[in-house]
């Protein structure tokens, strides 16, 4: 099961990358933290290629006879579309952080960076319910077992959406509780909890207040819906998302830039919401509806 192996190494990447980030930050590494995290990811990817799957990749080196895969006809038509969309994804993933740094200062940028990273990690965790089943979707499409594909897709979409909504609600609840204890002194006789209380006070100073956090949490839903739609259609070797996905990313970036520089994290949150609920959700559901109609 190569999916489980890949996911296990991704878990190693996340864990070791987080540990290295903490070490570099605590050592005063500053911006070199980003370099260290990338180095950790590169290490595990090279380990997969050079150690774990070395024999497989070595077997690909000798020239082969017989029918060859046409890169220009079978790979390039979809890959270039994916590449364009991947570059545009920057506007819904990381653009807001340097934007806040430029217009609102490093403190606000740090707070929105920590909050948004935590929320995006939550969304990716929920999305993993479908992402790890991508080989299954491809197999069902190859077998033309569309009823089973629809059943599995519907069930996994429901589960992943429930996980996202539950996790987002819990995260906002934690932020609300942290705001409640802001500036509150530890009760007498509870000195043993002073280190933990100190960390709690520091944490609430490093994340956004509840209102912009709720806006950003709600902005995850359009992202999740679009990814679910793409997970369903792409196993059919079709990529009808280039225009809509790129457009929504660029519009999101423009709204986040305009509202964010004017109103800070709250404005950025509303920028995400406006683009997501007025453009992303209707656009991707329309693509899904048209695709299903053509398949009938």
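Answer with yes or no whether residue 268 is over 30 Å from residue 139 (Cα atoms) and buried (at least 20 other Cβ atoms within 10 Å of the Cβ). It is true that residue 268 is over 30 Å from residue 139 (Cα atoms) and buried (at least 20 other Cβ atoms within 10 Å of the Cβ). Within the range 204-220, track down each residue that is part of a helix (DSSP H, G or I), under 27 Å from residue 275 (Cα atoms) and free of Cβ contacts under 8 Å to residues at least 60 places away in the same chain. Across the range 204-220, the qualifying residues are 210, 211, 214, 215, 218. Does residue 198 count as at pLDDT 95 or above, surrounded by fewer than 19 Cβ atoms within 10 Å (Cβ to Cβ) and at negative phi? No: the conditions fail for residue 198.
Pairing residues of the range 182-203 that are in the same structural domain as residue 114 (by TED's automatic domain parsing) and in a helix (DSSP H, G or I) with residues that are surrounded by 10 or more Cβ atoms within 10 Å (Cβ to Cβ) and at pLDDT below 75, at Cβ distances under 8 Å and at least 6 apart in sequence or on separate chains, gives 193/186; 194/186; 197/186; 197/190.
The values are calculated or read from the model by the stated rules, or taken from the named source; none is laboratory data. The structure displayed is predicted, hence computed values, not measured ones. Note: ideal-geometry Cβ built from the backbone for every residue, glycine included; neighbour counts use all protein chains shown.
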